[in-house]
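All remarks here apply to the structure that follows.
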Amino acid sequence: MAAAGTCGTGTRSTGSMVAAASTNNVTSFQRRGPRASGADSGCSRLVSIAGTRPSVRNGQLLVSTGLPALDQLLGGGLAVGTVLLIEEDKYNIYSPLLFKYFLAEGIVSGHAVLVASAKEDPADILQKLPAPLIDDSYKKECDEDVCSHKMEPDIKMKIAWRYQLLPKMEAGPVSSSRFGHYYDISKRIPQELIETSKWHGFFLPEKISSAFNVESCSLTPGYMKLLQFIQNIIYKEGFDGSNPQKKQKNILRIGIQNLGSPLWGDDICCTENCDTSHSLTKFLYILRGLLRTSLSACIITMPTHLIQNKAVIARVTNLSDTVVGLESFIGSEKETNPLYKDYHGLIHIRQIPRLNNLIYDISDVKDLAFKLKKKLFTIESTSSRAHGRSSCGTMLRYPTAGHVESSQTRDQTLIPCISRQIRYRWTTREIPEYIFNYISGQV
Amino acid sequence: MFPELNNLLNTTPEGAEQEKLTLLCDAKTDGSFLVHHFLSFYLKANCKVCFVALVQSFSHYNMVGQKLGVSLTTARERGQLVVLEGLKSAVDIFFRPQEEPHPLQFLREANAGDLQPLYAFVRDALEPVDCGEAAWRCPVLLVDDLSVLLSLGVGPVAVLDFVHYCRATVCREWKGNVVALVHDSGDAEDEESDVLLNGLSHQSHLILRAEGLATGFCKDVHGQLRILWRRPLQPTTPRDRSLTYQYKIQDKSVSFFAKGMSPAVL
């Protein structure tokens, strides 16, 4: 764990091993727990940083992405020192939400935040962050949404027993958890939270001066400036352990918006063979080098659907650690597909890193879709919606509006599907009485 | 090292072959478990290893190495292992320009650089010391991975030249081995990667190709490994023997089984 690691180097550098006292020897990937050498017995009290937790599998330090459902899919959270790449959806409607969740989580947890954008002023971005939800106000929202929700999730299911076997996606806030919060998109973050937080902004039009004194390096000037800015902040604020006097360790959350778009001065999205084709990949490599040697985590949104050269997309994916792709249904033929009726798009987990391990935490749930409700962004699995793990092997029919045909069979596996449909389609007055009895458990 | 893979390849740490170029290749999956295998294999075989680690940090390899039974820090302290940490060195050379030639000098250059300084680094690391104090078995160069060099602006021909130089020095002159990992881009139409992969395939003696299953994700079978032996030493043996196995990666080892014979299915 990074905390143990930095504590360890602290005791080592004051000890006898002067040779190993290079202050740059901090990586985020150090194991928590008793070390084989036994040299760190003095560091048994772990310095824990707010808003982080160690991974169950490999002792890696994790931070929340701001969406507990996404944390679960990524194996508990985003590892400190890694890059989360979000492939933007076509019209860039939903990826800014994930970006904002990440930054809001940083502000609420007290982390330092660095926002880089070529389009919007970072101060404006921070103003528009969603407000965190406190536990009891969330419960009220939940009750308003679902009108006749009779079944409590923790009651042992009598009829829909197959659903109990399915993995649960986190749909409600875990009470008083310091890791991962829920946010209300319709409200703005309170001003005092922003003011008390430490944030740094990088707005490209301000930083780029008209006189380009470009060094002979194949990075575009925008990327060059951004890297220097990030390295400066990491070094000055001591996120790379270069300032051992600082007692309170903190995480730096970096958010880079629309990387690779023409606003950054990169024409990788405009032409297929561009001159600066290695600029973006070099940037990612050096950024990852910076992250690995400091206590920081980075989210990057990139319009990969605009990149003409597929080889570059493959290289970018290989150079990032975690890659999540968003695909929205707007304007595509999936919009009219009944399977995706209640969702706004699909979410693809394209890559999860193997850190300190041969294996990684990959969730079994594959068909994931997201939905933007009035106040929340939720991720659900479409396959559990469709048919559960029915062993009867038949394809379930979706009752179209007004049809009660499937209910006649009284098949146990069909009923749970209908009960969900009924919630959204019919009012309680219209449900035939025998179905109503089934659902309310009176049969 | 994975004992099952040793059986498949018919090698042991004591009887490791020399003067070989082994190509590790992955398509649609992550082939880094092969790198961990060869790293621990050659360390256990008491060879002097130069590890060019461009993808992950040293502690990542160390952690996995400990699960496989070798300690990279001990090997580094003893002088058996020389590591070039790509990520850390890239940050060093990018932000603090240095006077003496750095192995990753090409990062600062605008045009496609060449890998001469990197070759010089490898040569200095693996040069056999004549006083014979430690008597390591043979020098081994392990590169993880070469496709990153393409992403960083080096042309495929320059990478092929680098491998050629390393082979001439390490394999032929010093009777050692070279192992390199390359990503196969598949249908991503990456011409540079194809040039590099084809060029290396023709030069190598042993190719291990890890592929993802054509049918997609599976919990019990993580992929398929194709082993191809090229350049047989005796002219009478049939050329290019090849084997295919499926594998599942576990916490500390990888289990191999014939196609379709996964324990989960039987």
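The values are calculated or read from the model by the stated rules, or taken from the named source; none is laboratory data. Computed from a predicted structure; not experimentally measured. Note: ideal-geometry Cβ built from the backbone for every residue, glycine included; neighbour counts use all protein chains shown. We work out accessible area using only protein heavy atoms, side chains counted, and drop any ligands, DNA or RNA first. Shrake-Rupley method; radii C 1.70, N 1.55, O 1.52, S 1.80 Å.
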Query raised in the report: In the range A:274-309, which residues are more than 19 Å from A:H111 (Cα to Cα), assigned to a loop (DSSP other than H, G, I, E, B) and not β-branched (V, I, T)?
Result: A:C274, A:D275, A:S277, A:H278, A:P303, A:Q308, A:N309
Query raised in the report: Within the range B:33-84, how many residues are within 11 Å of another protein chain (Cβ to nearest Cβ), open to solvent by 30 Å² or more (accessible area, probe 1.4 Å) and not in a loop (DSSP other than H, G, I, E, B)?
Result: 5
Query raised in the report: Can you name every residue in the range B:168-183 that is open to solvent by 10 Å² or more (accessible area, probe 1.4 Å) and either within 14 Å of another protein chain (Cβ to nearest Cβ) or closer than 30 Å to A:S277 by Cα (or both)?
Result: B:H183
Query raised in the report: Listed residues A:S381, A:S332, A:S390; which is modelled with pLDDT of 75 or more and crowded, with 16+ Cβ neighbours inside 10 Å?
Result: A:S381
Report summary line: Per the list (1) surrounded by 22 or more Cβ atoms within 10 Å (Cβ to Cβ); (2) in a loop (DSSP other than H, G, I, E, B); (3) more than 14 Å from chain B (Cβ to nearest Cβ); (4) of a type outside the set (F, W, Y), residue check on A:Q248 breaks on (1)
Report summary line: Scanning the range A:336-346 for residues that are open to solvent by less than 60 Å² (accessible area, probe 1.4 Å) and in contact (Cβ under 8 Å) with a residue 40 or more places away in the chain, the one farthest from the other protein chains (Cβ to nearest Cβ) turns out to be A:D342
Report task. Return the only residue of B:D114, B:D124, B:D130 being touching an Asp or Glu at 6+ places or on another chain (Cβ under 8 Å) and open to solvent by 70 Å² or more (accessible area, probe 1.4 Å). Result -> B:D114
Requested in this report: Output yes when any residue across the range B:91-108 is closer than 27 Å to B:V254 by Cα, assigned to a loop (DSSP other than H, G, I, E, B) and more than 8 Å from chain A (Cβ to nearest Cβ), and no when none is.
Outcome: no
**Report entry** Residue that is least open to solvent (accessible area, probe 1.4 Å) [pool: residues in the range A:265-283 that are of a type outside the set (D, E, K, R) and within 8 Å of chain B (Cβ to nearest Cβ)]
**Finding:** A:T281
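Let's see how each residue does on (1) among the charged types (D, E, K, R); (2) surrounded by 20 or more Cβ atoms within 10 Å (Cβ to Cβ):
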residue: A:G241; (1), (2): no, yes
residue: A:L259; (1), (2): no, yes
residue: A:L263; (1), (2): no, no
residue: A:R288; (1), (2): yes, yes
Query raised in the report: Just to be sure, is A:G59 assigned to a loop (DSSP other than H, G, I, E, B), at pLDDT below 85 and open to solvent by less than 30 Å² (accessible area, probe 1.4 Å)?
Result: yes
Query raised in the report: Which is hydrophobic (A, V, I, L, M, F, W, C) and closer than 30 Å to A:T220 by Cα, of B:L146, B:L81, B:L68, B:L141?
Result: B:L146
**Report entry** Subset of the range B:184-195 that is open to solvent by less than 30 Å² (accessible area, probe 1.4 Å) and among the small types (G, A, S) - its residue that is farthest from the other protein chains (Cβ to nearest Cβ)
**Finding:** B:S193
Requested in this report: Among the candidates B:G216, B:G212, B:G223, B:G260, single out the residue that is within 14 Å of chain A (Cβ to nearest Cβ) and exposed (fewer than 10 other Cβ atoms within 10 Å of the Cβ).
Outcome: B:G216
Query raised in the report: What tally of residues in the range A:293-329 results from selecting those that are closer than 20 Å to A:P262 by Cβ and open to solvent by less than 60 Å² (accessible area, probe 1.4 Å)?
Result: 12
